[in-house]
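No value in this document is a laboratory result; all are computed from the given coordinates. From a predicted model like this one, the values you see are computed outputs, not experimental measurements. Glycine gets a Cβ as well: all are built from the backbone with ideal geometry, and neighbour counts include every protein chain shown.
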Amino acid sequence: MRFQVWLFVPGNNDLIDEDPKSLAHYNGFIAELTTKLGNAGIKVVNLCPQAGDAKSGIYVFDAPPGDVAKWIGDRGVGGPPYEYSAWTVQDDVRKE
């Protein structure tokens, strides 16, 4: 499997009549997807914050510091003006 982690955020089409009060419908979909894809070895991450759960809506990729430093160095995005930007974007894309 090429991608083992799938990240989801609700869009307007995931809500009934685009009503934020229908978020339970989206959450039910994510719960079912989590079960089905989990059986296939895929982790589903719901990035929508949930009421009463301060840790929800957050995903942290845990990589060894050396791997992260090499990844940033290979892309040349470790220094100014990139230290406060989305460092996943390569320099040639940033300049477009």
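Per-structure values
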quantity: Nonlocal amide H pairs with K43, under 5 Å, H built at 1.01 Å; calculated: V5, W6
quantity: Kirkwood Rh and Cα Rg combined as Rg over Rh, evaluated for segment 18-75; calculated: 1.14
quantity: Summed residue charge, Cβ within 15 Å of H25's Cβ, Lys/Arg positive, Asp/Glu negative; calculated: -4
quantity: Net lengthening on full extension, C48/A24 (0.36 nm per residue, minus Cα-Cα); calculated: 7.5 nm
quantity: Over segment 1-43, relative contact order from alpha-carbon pairs under 8 Å, at least 6 apart, %; calculated: 46 percent
quantity: Residue-span extension gain [V60 to F3] - 0.36 nm each, minus C-alpha spacing; calculated: 18.9 nm
quantity: Two-site FRET efficiency, W71 against I16, from Cβ-Cβ distance with R₀ of 25 Å, rounded to 0.05; calculated: 0.05
